[in-house]
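> The structure follows.
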Amino acid sequence: MDTARGSRGYERAAILAVMAGWLTLAADARAQSTRGSIAGTVRDEQGAVIPGATIALVSPRRNDTQTTITNAEGDFEFLNLLPDTYTIKVTMDGFKTAERQTVVLNANDRLAVGDLTLELGAVTDTVTVSSRVVEVQSRSAERSFAVDSTAISNLAVNGRSPLALTRLAPGIANAPADGSNLFFNVNGSRGGVHNLTVDGVSNMDTGSNGVSGNINLDAVEEFKLLTNSYQAEYGRSSGAQVSVVTKSGGRDYRGSAYWYRRHEGMNANSWINNRNRGRAIATDPDSRVGLKAINRQDDLGYTIGGPVPLGGYNKDRNRLFFFFAQEHQQRFTPPVDPRLVRVPTELERRGDFSQSLDNTGTLFPYIRDYTTGLPCNASNTSGCFQDGGVLGRIPQNRLYPQGLGILNIYPSPNDSGAGYNFSSQLAADLDRREDIVRVDWQASNAWRVYGRYFNNTNNGGSGLGPYGFASDLPLTTISDIRPVYNYALSATGVLTPSLFLEITGGTVRNDIFIHDADGTWNRTDLGLSNLPLLYPGGVRDDYPPQFIFGGRSGTNPRMTPQSWPFRNFNQNYDFVVNLTKAWGRHTSKVGFYTQHSLKDQSGGGPNNGTIQFNDNPSNPFDTGFSFANAATGVFDFYEQANIWPVGEYRYWNAEWYVQDNWKVSDRITVDYGLRFYWIQPQYDQAFLTSNFVPTLFSQSQAVRLYQPGLDTRGTRVAIDPATSQTLNAAFIGRIVPDSGDIANGLRTGMSDDVGKYLIQDRGIHYAPRAGVTYDLTGRQDIILRVGGGVFYDRYQGNLAFGQIINPPNIITPRITWSRLPDVAPSNALLAPITLNALNDAGEVPTTYNYNIGVQKKLPLNMILDVAYVGSIQNHLIRRINLNAVPYGATFEPQNQDPTLSPSPTPGGSALPDDFLRPYRGFGNIGQSMFDANANYHGLQLQVDRRFSDGLFLNVNYTWSKALSRQDDDFSFSRIDEFDKQSNYAPATFDRRHIFNVNWVYELPRKESAGALLGGIINNWQLSGGYRWETGAPYTYGWTVAGVGNRNVTGSGSEGSRVVITGAYPSGHSGDPYGMIPYDILRPPAVGSIGLESSRNYMTRAAINNLDLSLQKAFPVFGESRALKIRVDAFNALNHTQFNDVNAAIQWQSMTNLTPVNLPYNAAGVLTNPSGFGAVTSVRPARVMQLLVRFDF
């Protein structure tokens, strides 16, 4: 066994022993604490410190009091506090009592309330400050952002997910407006590197590092975001720490009932729909194209909280509290833009392509008959099908019945346009119920406990489907069922007056079942029972293959049942314990955290099959048109996995830390710590996954491939070079049976060559963190803050899951350039197999982030924050093709197919790609490497006023640059040494400028108004948000019909880039059909290696969005009860915001640079609204939402 792996065995054993010890104390749970602390200093009027003063911290909501005494330096601190609004009372003989009310502690806060000054006088006299006082952050240097319940309940949040609040914070890019996922970017991070907790317990799906369960905003007390240089007590992920705290009960019964309502009748139609409708009714007044899509939402719910009635035990209503919330959601949410695809026409379904249009809208009846060996194009139709003298009509005896059956599973055209003839904007149906219950118990003066449970029932259904199981047209109802539950249990105790213990545990589980709810999308009902299969036993529930049509025919009518059904469960058991000691001017903390994740998931391989019919000039059977290929049984490739595998994925995370907060002097505080990580690689305990290790590949064990040759009659055949056995030419490139090891270089986790993790266990990692704050004036009104640290990431599980498609347990042969009539299980020969691989080094993604900034108090209870924020990210994940065809390979004389006539097109007569790869017997081998890097530099400015006296206001601006070579874990790098030269550029999530304003403003009341007038003019509230954000970067592309990578770079796997002869354009303009120029573009030369231009040098149009809300409250029998009616308008001004642009220029040929996909024809008529340079999608038009709520 590898000594590097074995040497860490003692470390793992020690860690697991510690885990076992902890787990005897409490149920497993992973958590990041939500508790915070409050500290300050007591002084007299001359500024001298006052030791021995009594400090009482009161929670009015819970009628709970904690006390402490100031130390010799006059300092005090309360630790392990739940987020709440507190009152501080200071008493000392000879001085008046000082009381500060409305002290708001957010989750994870280290709140410094500054100096509390005592005046001489009787202790029975009280000096009270009742309004909220916001202090600068003088106790730590982390970058954070918080929104409390008052602001949350009054801000219009699209989608009503707490994660939508991330858009309010500086440094956040690419966050979805509806808060639907965790794949936003924080200070230049990649998406999916964040940690989401609810009440301190994980709410993560460990496959994608996404969201597990949903919490609606009406159940949320507070939202907190830590983005940079946070303390050693936080871990698991290297990005943001996202904390959601649910509401809890108090000594009074409080609650609400509410109804959120949306209907498309209140909304504006999109710019694209309006355009398409105008064009459609010009020729068909009855057309339904472009009508507003169904967009409906009914969210009904209620909340209630208060003391638990337990007779004498809770008679003072300060021991036991409950909170309960339930919400029912019925939502029909359409995609923002219509889905436009190309389906077969009525003639094409019968094998007649005489009237077929290509992707530019040009007539294309040139359907090649490969048996003639003659040309088939506009200038020479001698090799084209022309049954009965009709060019493009295929004779009946050449049609393949199952191929025609495939064409007939799609709906008839209902629209027209270049590259498409079918449009749909079908709404996804979501029926969800959310239940939340929380109990808080003040067991004694020393111990406080809370428990919380939430449950989601998620029953989704759509004709368009979710993520990797999607469709672009309604063919059946794709059901997406996802129940979720989440438990949390937490206790804090005062062991001694200066020693505090916190233990938190919990678990989260989600299940996913995606399938055909109608039960009609199967081979039998579709009439495809006779479609040949490579592995009949791999098919589940009679699902058909995925069919792919593309190239000249237009936009693929996507439907993705190749790996149906999808089943998954993901359960995380987590545990955290923190011990805090206050001594002198130090607050020290140690803690331990562990997470155990279980995830069983069906494999993503094509067990039902995938058949691609795209036109490909290198395919000897190709007709030149994808639908005609299907009609004649010709395919570009066909692949199918032999089984439907289910992996059993597991891992442990174990982390522990030490940290100290040291108030060096009244003006300097140092925060420093060290976190230790053991991040166990995620592995499959069923040992179905395997890894390809290049050093274990043996050329002597490599399989043989059938090579092209000629028989004695001069007929092209497939020949075994070792035995001279011949087969039909359709088998060229297939694997000769028993000629070698089909798992050559592959090892499962049962092999000592790779171990069960398939990669190295990197052992213990060390993450130092430090921060310094300095009070520049000594008055706690201007604070200099400097912080930094090292952060490691638990990368997504999808990397491990992808290994399940590999041999030897799972076989997924890909047959290229052949005919369906020649495919049968009895004579099926394996083709070279595509693999996933992990680089053995398996380094852990590492981020070094840092900031330096100043916070300053401003008038009107506002805080100004100005900071430079940066990060360096190393050991990020990228992909590289280990088995790529080398540049120029198809041009080499020795790589030409001797059975083909020399082609005038470079590379046109070369051998198939699988003969040109370094690892014979395999197709592409996509290996995940752990060595990519990126960096971020940003200037962030913020003015923040927490909600007080009827006003919440936050204004922030970020000026930044995020640079990388690859932007996510699945982005490929080049195969040579020029990756930095080619790809180091702004990341796709780089947003140079982001400006945000968000506010809640309660209009002033006129108390002197009478009941009638006051009822009209009082209790109005205006809230909203404005966001301006630079558009996403993007890059030009290019195509020429019949020309591929093999003809330009000499590699079927490696591409080229367009030549730009002028300055890089901005990427956007006011003309929706001329966003980018085309006259500066040229195709690359033959022999290109893809260095003609960089990437991401243009940006899409900016986000420029205003949301507004207007609310009127009607008090009912007092101010504590009110009926509220609110109208929310998202994109209130209905500002058209262009988004995606068609940036792929298509030329007539490599020598005739006439663009064939421009929006306007030569006469200046708009014929292709989605042509090159045109806007292809827009951001949502105005959406209205009505809220009716009763609060009590």
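The values are calculated or read from the model by the stated rules, or taken from the named source; none is laboratory data. What you see is a predicted model, and the numbers here were worked out from it, not measured in a lab. Cβ coordinates were reconstructed from backbone atoms using ideal geometry, including for glycine residues, and neighbour counts include every protein chain displayed.
> Quick one: in region 69-87, which of the residues that are touching a residue at least 40 places away in the same chain (Cβ under 8 Å) and either in contact with a Pro (Cβ under 8 Å, 6 or more places away or on another chain) or closer than 19 Å to residue 251 by Cβ (or both) is surrounded by the most Cβ atoms within 10 Å (Cβ to Cβ)? Give the derivation first.
From region 69-87, those touching a residue at least 40 places away in the same chain (Cβ under 8 Å) are 71, 73, 75, 77-83, 86; that's our starting set.
Those still in the list that are either in contact with a Pro (Cβ under 8 Å, 6 or more places away or on another chain) or closer than 19 Å to residue 251 by Cβ (or both) too: 71, 73, 81-83, 86.
Values: 71: 19, 73: 15, 81: 20, 82: 22, 83: 24, 86: 26.
Result: 86.
> Moving on to the next point. Please indicate, with yes or no, whether at least one residue in region 786-806 is aliphatic (A, V, I, L, M), surrounded by 24 or more Cβ atoms within 10 Å (Cβ to Cβ) and in a strand (DSSP E or B). First the steps, then the outcome.
From region 786-806, those aliphatic (A, V, I, L, M) are 786, 790, 799-800, 804-805; that's our starting set.
Now narrow it down to the ones that are surrounded by 24 or more Cβ atoms within 10 Å (Cβ to Cβ): 800, 804-805.
Next, only the ones that are in a strand (DSSP E or B) stay: none.
No, the conditions are met nowhere in region 786-806.
> Here's a follow-up. Name every residue in region 1064-1098 that is surrounded by 20 or more Cβ atoms within 10 Å (Cβ to Cβ) and assigned to a strand (DSSP E or B), in order of residue number.
Scanning region 1064-1098 gives 1081, 1098.
> Hey, residue 698 hits all of (1) among the small types (Gly, Ala, Ser); (2) modelled with pLDDT of 95 or more; (3) under 30 Å from residue 586 (Cβ atoms) but one; which does it fall short on?
Unmet condition: (3).
> Still on this structure, please answer the following. Just a yes or no: is a residue in region 836-859 closer than 30 Å to residue 915 by Cβ and of a type in the set (A, V, I, L, M, F, W, C)?
If we filter region 836-859 for residues that are closer than 30 Å to residue 915 by Cβ, which is where we start, we get 836-840.
If we keep only those that are of a type in the set (A, V, I, L, M, F, W, C) too, we end up with 837-838.
Yes; the residues of region 836-859 include at least one that is closer than 30 Å to residue 915 by Cβ and of a type in the set (A, V, I, L, M, F, W, C).
> Moving on to the next point. Scan region 943-961 and tell me whether some residue there is outside any strand (DSSP E or B), among the hydroxyl-bearing types (Ser, Thr, Tyr) and at pLDDT below 95.
no
> Looking only at residues that are in contact with a Leu (Cβ under 8 Å, 6 or more places away or on another chain) and buried (at least 16 other Cβ atoms within 10 Å of the Cβ) in region 965-983, which one is farthest from residue 1027 (Cα to Cα)? Don't jump to the end; show me each part of the working.
So in region 965-983, the residues in contact with a Leu (Cβ under 8 Å, 6 or more places away or on another chain) come out as 966, 969, 978, 981-982.
Pick out the ones that are also buried (at least 16 other Cβ atoms within 10 Å of the Cβ) and you get 966, 969, 982.
Numbers: 966: 27, 969: 29, 982: 33 Å.
Top of the filtered list is 982.
> Criterion first (touching a strand residue (DSSP E or B) at 6+ places or on another chain (Cβ under 9 Å) and either under 30 Å from residue 970 (Cα atoms) or basic (Lys, Arg) (or both)) does residue 188 satisfy it? Please lay out each step first, then the result.
Values: touching a strand residue (DSSP E or B) at 6+ places or on another chain (Cβ under 9 Å): yes; either under 30 Å from residue 970 (Cα atoms) or basic (Lys, Arg) (or both): yes.
Here the answer is yes, as residue 188 does meet what is asked.
> So if I check each of 235, 210, 191, which one is over 24 Å from residue 332 (Cα atoms), surrounded by fewer than 24 Cβ atoms within 10 Å (Cβ to Cβ) and not hydrophobic (A, V, I, L, M, F, W, C)? Don't jump to the end; show me each part of the working.
On the way: 235 fails: surrounded by fewer than 24 Cβ atoms within 10 Å (Cβ to Cβ); 210 fails: over 24 Å from residue 332 (Cα atoms).
Criteria check complete, one pass: 191.
> Residue by residue through region 300-339, note down the ones that are of a type in the set (D, E, K, R) and out of contact with any helix residue (DSSP H, G or I) (no Cβ under 9 Å at 6 or more places or on another chain). Spell out how you get there, then give the answer.
Residues of region 300-339 of a type in the set (D, E, K, R): 315-317, 319, 327, 331, 337, 339.
The answer is 315, 316, 317, 331, 339.
> Among the residues of region 1122-1147, which ones are assigned to a loop (DSSP other than H, G, I, E, B), within 30 Å of residue 360 (Cβ to Cβ) and among the small types (Gly, Ala, Ser)? Steps first, please.
Taking region 1122-1147 and keeping what is assigned to a loop (DSSP other than H, G, I, E, B), we get 1131-1137, 1139-1140, 1142-1143.
After this cut, where a residue has to be within 30 Å of residue 360 (Cβ to Cβ) as well, the list is 1136-1137, 1139-1140, 1142-1143.
1143 - this is the single residue of region 1122-1147 that is assigned to a loop (DSSP other than H, G, I, E, B), within 30 Å of residue 360 (Cβ to Cβ) and among the small types (Gly, Ala, Ser).
> Now, a different point. Hey, could you check region 134-185 for residues that are in contact (Cβ under 8 Å) with a residue 60 or more places away in the chain and of a type in the set (Asp, Glu) and say which is surrounded by the fewest Cβ atoms within 10 Å (Cβ to Cβ)?
If we take residues in region 134-185 being in contact (Cβ under 8 Å) with a residue 60 or more places away in the chain and of a type in the set (Asp, Glu), then 135 is surrounded by the fewest Cβ atoms within 10 Å (Cβ to Cβ).
> Hey, another quick one. Say whether the condition of being assigned to a loop (DSSP other than H, G, I, E, B) and either at pLDDT 95 or above or under 24 Å from residue 990 (Cα atoms) (or both) is met by at least one residue in region 811-821.
From region 811-821, those assigned to a loop (DSSP other than H, G, I, E, B) are 811-812; that's our starting set.
Pick out the ones that are also either at pLDDT 95 or above or under 24 Å from residue 990 (Cα atoms) (or both) and you get none.
Taking every residue of region 811-821 in turn, none turns out to be assigned to a loop (DSSP other than H, G, I, E, B) and either at pLDDT 95 or above or under 24 Å from residue 990 (Cα atoms) (or both).
> Quick one: which residue in 631, 641, 654 is in contact with a helix residue (DSSP H, G or I) (Cβ under 6 Å, 6 or more places away or on another chain), in contact (Cβ under 8 Å) with a residue 60 or more places away in the chain, crowded, with 22+ Cβ neighbours inside 10 Å and in a helix (DSSP H, G or I)? Steps first, please.
Numbers: 641 fails: in a helix (DSSP H, G or I); 654 fails: in a helix (DSSP H, G or I).
Going through 631, 641, 654 in turn, the sole match is 631.
> Next question. Restricting attention to region 896-916, does a residue exist that is part of a helix (DSSP H, G or I) and surrounded by fewer than 19 Cβ atoms within 10 Å (Cβ to Cβ)?
Yes: region 896-916 contains one or more residues that are part of a helix (DSSP H, G or I) and surrounded by fewer than 19 Cβ atoms within 10 Å (Cβ to Cβ).
> Being under 22 Å from the mean Cα position of the chain (by Cα) and not hydrophobic (A, V, I, L, M, F, W, C) is the filter here; which residues of region 464-498 pass it?
Kept after step one, since they are under 22 Å from the mean Cα position of the chain (by Cα), are these residues of region 464-498: 464-472, 478-486.
If the condition is that a residue be under 22 Å from the mean Cα position of the chain (by Cα) and not hydrophobic (A, V, I, L, M, F, W, C), then 465, 466, 467, 468, 471, 472, 479, 480, 482, 483, 485, 486 are the ones that fit.
> Another question, then. Go through region 928-951 and count every residue that is more than 30 Å from residue 1003 (Cα to Cα) and surrounded by fewer than 21 Cβ atoms within 10 Å (Cβ to Cβ).
Step one: of region 928-951, the residues more than 30 Å from residue 1003 (Cα to Cα) are 928-940.
Still in the list and also surrounded by fewer than 21 Cβ atoms within 10 Å (Cβ to Cβ): 929, 931, 933, 935, 937, 939.
So the count comes out to 6.
> Against the condition surrounded by fewer than 19 Cβ atoms within 10 Å (Cβ to Cβ) and either at pLDDT 85 or above or farther than 26 Å from residue 303 by Cα (or both), how does residue 109 come out, does it pass?
no
> Quick test of your reading of the structure: residue 889 fulfils all but one of (1) surrounded by fewer than 23 Cβ atoms within 10 Å (Cβ to Cβ); (2) closer than 30 Å to residue 1097 by Cβ. Name the failing condition by number.
Only one criterion is unmet by residue 889, namely (1).
> Return only the number of the condition from (1) more than 23 Å from residue 599 (Cα to Cα); (2) modelled with pLDDT under 95 that residue 200 does not satisfy.
Result: residue 200 passes all but (1).
> Mind listing just one residue for me: the one in region 527-579 that is part of a strand (DSSP E or B) and aliphatic (A, V, I, L, M) and, of those, nearest to the chain's Cα centre (by Cα)?
Here is the first cut: in region 527-579, the residues part of a strand (DSSP E or B) are 546-548, 559, 566-579.
Okay, now just the ones that are also aliphatic (A, V, I, L, M), so 548, 559, 576-577, 579.
Working: 548: 25, 559: 22, 576: 27, 577: 30, 579: 35 Å.
Out of the qualifying residues, it is 559.
> Would it be correct to say that residue 931 is at positive phi and among the charged types (D, E, K, R)?
Values: at positive phi: no; among the charged types (D, E, K, R): yes.
So residue 931 fails the test.
> Another one. Applying the selection to region 710-727, what residues are in contact (Cβ under 8 Å) with a residue 24 or more places away in the chain and in contact with a helix residue (DSSP H, G or I) (Cβ under 9 Å, 6 or more places away or on another chain)?
Within region 710-727, just 716 meets the criteria.
> I want to confirm something. Restricting to region 372-394 and keeping residues that are in a loop (DSSP other than H, G, I, E, B) and in contact (Cβ under 8 Å) with a residue 24 or more places away in the chain, which single residue is surrounded by the most Cβ atoms within 10 Å (Cβ to Cβ)? Even if it seems obvious, please write down each step before you answer.
Taking region 372-394 and keeping what is in a loop (DSSP other than H, G, I, E, B), we get 372-376, 378-379, 381-383, 385-386, 390-392, 394.
From the residues that got through so far, the ones that are in contact (Cβ under 8 Å) with a residue 24 or more places away in the chain too are 376, 385, 390-392, 394.
On the way: 376: 21, 385: 27, 390: 14, 391: 16, 392: 25, 394: 25.
Taking the candidates together, the pick is 385.
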